[in-house]
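Visitor: Below you'll find the structure I mean.
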Amino acid sequence: MEIRWLEDFLALARTRHFSRAAEQQHVSQPTFSRRIKLLEESMGTTLVNRQTLPLSLTPAGELFRELCERITRDVRDTRDRVAALDAEASARISVGSTQGLFSHFYQGWAQDAGISGRLQLNLTATNWVGSQFLDALESGECDLVLCYWHRDLPWGERWDADKLQWLTIGQETLVPVSITDEQGQPRYPLPGTPEQPVPLIAYHSRGFLQSAIEGHLLRKKLTANLLPLNENTQSASIKALVKQGFGMGWLPRRMTEKSEQFGSLIRAGDERWDIPLEIRLVRLRDARSDDIVNLWNQLDN
């Protein structure tokens, strides 16, 4: 049974005339009559008394009309609510965020800025790596990108001020961490030795953070004897492997605070090994909507 059959029946109940009802429903009379017949067959009873002039509804038809009115009203109201929800969702500004920033920064920042209701997080973004965020921005898959930034990004040439605008909305620090040994010291301390290199849970080479680590060590002339065990795109994966004792790793400080409080992770090196980062919000300079520009101006004030 289709909703349009119920609407046909209500039109017939109002007009008491097959031709006029068919005209209201924008179909031919044979098609309309066939629908009413199918409706009666579906209900297993006669709903229309065709022997009267004008035609009338049978007692079953009168009862069925009440049902049709309720159902079509509920469908109409639901359709309106769904349309309103779709309009609200389409009006939101799509944000692509790295997994670490989404988990430990995005929600608090958006609430504090009073803009959480205007943003829609693109959940697929948590699987993107490095320059894929800028690809998504340029292709329209998202309107804003929330990411880490540092001067050693391997694809830093894409930060073209003619194409992009960005706001620095926070600061972060990568901290080297390890689990403890029996004496409460880091099991995998920096810098290690050539004979006993430190097992490292590394970031993906095309992501935002591995190049920050390598660039920092080079500039500070810090010699680290590291043995990379694998590469991960997400800080949460690195944290999990570090906590399980596979090696040390650099984590955003926001992700270490709870662990340090309870003693499950400690520093694997002093502050020389800390790596400063910016948290940036990025958009195309040629914004796709006035809503993006208005929100940007609000944040930039």
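No lab work stands behind these numbers, since they all come straight from the coordinates. Please read all numbers here as calculations on a predicted model, not as lab measurements. Neighbour counts run over all protein chains shown; Cβ positions are idealised from the backbone, glycine included.
Visitor: Where a ≥ b ≥ c are the square roots of the eigenvalues of the C-alpha gyration tensor, would you call the stretch 190-243 rounded, which needs a/c under 1.5, or, failing that, prolate if a/b is larger than b/c, or oblate? If you can, show how the numbers build up before the last one.
Guide: Numbers: a/c = 2.34, a/b = 1.24, b/c = 1.89.
Taking the square roots of the gyration eigenvalues as a ≥ b ≥ c, the stretch 190-243 is oblate.
Visitor: If you don't mind, there's one more thing I want to ask. For the stretch 1-45 and the stretch 210-276, what is the separation of their Cα centres, given in Å?
Guide: Centre-to-centre (Cα) distance: 70 Å.
Visitor: Something else: If the elastic network links every pair of Cα atoms under 10 Å, which of K243, K220, K37 fluctuates the most in the Gaussian network model of the chain?
Guide: K37
Visitor: For the stretch 3-89, what mean projected area does the convex hull of the alpha carbons give, in nm²? Before the final figure, lay out the partial values.
Guide: On the way: hull surface 24.7 nm².
Average of the hull's projected areas for the stretch 3-89 equals 6.2 nm².
Visitor: Set Lys and Arg Cβ to +1 and Asp and Glu Cβ to -1, take the dipole of the chain about its Cα centre, and tell me which of V282, T46, G130 lies farthest positive.
Guide: Towards the positive end, the residue furthest out is T46.
Visitor: While we're here: How much mean residue ellipticity at 222 nm does the chain get from its helices, if each DSSP H run of length 4 or more adds -39500 (n - 2.57) and you divide by all residues, to the nearest 500 deg cm²/dmol? Don't skip to the answer; put the middle values down first.
Guide: Numbers: 10 runs with 123 residues, N = 301.
Mean residue ellipticity, 222 nm, calculated: -13000 deg cm²/dmol.
Visitor: Right, next: Rg and Dmax in Å for the chain, alpha carbons only: what are they?
Guide: So, for the chain, Rg and Dmax equal 31.7, 103 Å respectively.
Visitor: Relative contact order for the chain: what percent, with Cα pairs under 8 Å and sequence separation of 6 or more? Could you put the intermediate results ahead of the total?
Guide: Details: 437 pairs, mean separation 58.8, N = 301.
Worked out over the chain, it gives 20 percent.
Visitor: Follow-up question, since we're still on this one. What distance in nm separates the simple spin-label points at K221 and T46, each placed 7 Å from Cα in the Cβ direction?
Guide: 10.4
Visitor: If you don't mind, another one. Would you mind classifying the stretch 161-204 by shape? Square roots of the alpha carbon gyration tensor eigenvalues, ordered a ≥ b ≥ c; an a/c under 1.5 is rounded, otherwise it is prolate if a/b is larger than b/c and oblate if not. Each step should come with its number before you reach the end.
Guide: Values: a/c = 4.63, a/b = 2.40, b/c = 1.93.
In terms of gyration-tensor shape, prolate.
Visitor: Can you give the FRET efficiency for E138 and S116, using 1/(1 + (r/R0)^6), R0 = 41 Å, r = Cβ-Cβ distance, to the nearest 0.05?
Guide: Numbers: r = 25 Å, r/R0 = 0.62.
Here the calculated transfer efficiency is 0.95.
Visitor: Follow-up. For the chain, with a Gaussian network of springs between Cα atoms less than 10 Å apart, report the residue from T46, T233, T98 with the top mean-square fluctuation.
Guide: T46
Visitor: Further, regarding this structure: Sorted by average packing, counted as other Cβ atoms within 10 angstrom per residue and highest first, what order do 18-31, 144-157 take? Before the final figure, lay out each step's value.
Guide: Values: 18-31: 14.9, 144-157: 18.0.
Highest to lowest by the protection proxy: 144-157, 18-31.
Visitor: Another question, then. Need one number: % antiparallel among DSSP beta bridges in the chain, to the nearest 5.
Guide: Approximately 65 percent, going by the DSSP bridge assignments.
Visitor: What angle do you read, to the nearest 10 degrees and between 0 and 90, between the alpha-carbon axis of helix 29-43 and the longest principal axis of the chain?
Guide: 80
Visitor: Order by neighbour count: E141, E62, fewest other Cβ atoms within 10 Å first, most last. Let's see the in-between values first.
Guide: Details: E141 16, E62 12.
Exposure proxy ranking, most exposed first: E62, E141.
Visitor: Here's another thing I want to ask about it. Among A60, A268, A240, which one shows the biggest mean-square fluctuation in a GNM of the chain, springs joining Cα atoms closer than 10 Å?
Guide: A60
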